Ligand code: SF4
């Protein structure tokens with residue numbers, strides 16, 4: 001059974017009617033993910049006492065600094081939000097989180113693409129590219145954990161990266177909890193291909209740590225290993241190492257597959273490289289052959305199923321933004 005990641009989510013993403021206008025945002029992915037993760041939610045604007053419904057707030061430039069401002073009342077909520085987020089982050093650090101899903105473009109929860117108004121007047125113009133007051137703090141405090149907004153998660157590659165990160169991280173937390181050298185070496189062995197696809201350098205370093213040839217205390221090794229695990233997932237998957245792993249795995253079937261099957265696989269890999277097919281569609285082919293030809297070594301590899309397959313939603317375009 002997979003370990004359940006603990007995920008922080010903006011409360012308005014279907015958990016409560018707490019948006020400024022009293023609405024909620026029903027997000028299909030956030031809802032479906034709920035079956036496989038434990039959510040911790042909050043609404044920073046409600047927590048600082050803004051109430052609901054409320055006059056909208058904005059990120060504005062005020063005397064040369066960014067401020068969280070409510071044009072209708074002329075009130076500046078920057079201090080309240082910064083104080084709240086410090087308190088909340090301390091509490092969240094004890095929660096052993098594996099990731100965050102924040103509301104996109106919100107002046108509080110947004111991590112990017114938040115409007116930055118060039119003044120405090122209702123009519124002030126704006127540019128894009130800023131971050132919300134809470135979301136910006138999340139990135140500073142919790143990266144390189146998986147941190148995304150619901151808008152970006154409509155994009156297949158971003159969503160698959162996010163899911164791989166949170167489920168691998170949650171599994172590692174269970175390994176840490178077990179506290180044995182065997183649990184760590186098993187974890188390293190079954191995640192070898194996945195780590196190879198993300199970051200070969202880190203994978204090799206983590207391999208040495210898991211081997212623990214110097215017989216260091218397990219707790220100490222786990223701490224160091226966990227840091228490298230986050231570094232390994234810090235960057236999104238890129239095509240070249242993934243194609244290498246796929247090609248390597250295909251090699252296990254060179255005797256069994258007929259020419260047409262190999263051709264179809266190579267074409268699927270090309271479509272993945274061109275961004276026309278999600279990775280899961282290509283690994284799905286390999287999984288079928290793993291089962292058919294009973295390749296136990298590959299069967300154990302999380303690369304082929306780093307998260308529950310029910311979360312691969314083929315019902316949307318996956319183009320996202
Ligand atoms: S974006 Fe954040 S602050 Fe705004 S309503 Fe949603 S949870 Fe609350």
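See the values below:
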| read-out | value |
| --- | --- |
| Simple label model, 7 Å out from Cα along Cβ direction - residue 2 to residue 140, nm | 3.3 |
| Radius of gyration and maximum dimension Dmax of the chain, Cα, Å | 22.2, 73 |
| Difference of contour (0.36 nm per residue) and Cα-Cα distance, residue 259 to residue 28 | 79.2 nm |
| Computed label-point distance, nm, for sites residue 234 and residue 293 using a 7 Å Cα→Cβ extension | 3.7 |
| Whole-Å semi-axes of the ellipsoid equivalent to region 60-142 (Cα gyration tensor, √5λ, descending) | 25, 14, 9 |
| The chain: antiparallel DSSP beta bridges as a percent of all, rounded to 5 | 40 |
| Radius, Kirkwood style, for region 242-311 when every pair of distinct Cα atoms is counted (Å) | 12.4 |
| Cubic angstrom per residue, convex hull over Cα atoms of region 3-54 | 53 |
| For region 26-62 versus region 212-290, the gap between their alpha-carbon centres in whole angstrom | 35 |
| For 248, 228, order by how many other beta-carbon atoms lie within 10 Å, fewest first | 248, 228 |
| Two-site label geometry, residue 113 and residue 21: point separation in nm, points 7 Å out along Cα→Cβ | 1.8 |
| Ranked by how many other beta carbons lie within 10 Å on average, peptides 52-61, 33-42, 235-244 from highest | 52-61, 33-42, 235-244 |
| Segment residue 189-residue 213, length gained on full extension (0.36 nm per residue, minus Cα span) | 7.1 nm |
| Size of region 94-135 as Cα extents on the principal axes (Å, biggest first) | 42, 15, 11 |
| Cβ-derived FRET efficiency at R0 25 Å, residue 63 paired with residue 89, nearest 0.05 | 0.40 |
| Dmax and Rg, reported as Rg then Dmax, of region 157-232 (C-alpha, Å) | 11.8, 39 |
| Percent breakdown of C-alpha pair distances by 5 Å bin, ordered from the shortest bin, for region 74-226 | 2, 8, 14, 16, 15, 13, 11, 8, 5, 4, 2, 1, 0, 0 |
| MRE, 222 nm, helices only [DSSP H, n ≥ 4, -39500 (n - 2.57), over the chain, to nearest 500] | -14000 deg cm²/dmol |
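Read the figures in this text as sums done on the coordinates, not as results from a lab. Keep in mind it's a predicted model, so treat the numbers as computed, not measured. Every residue, glycine among them, receives a Cβ derived from its backbone with ideal geometry; neighbour counts consider all protein chains shown.
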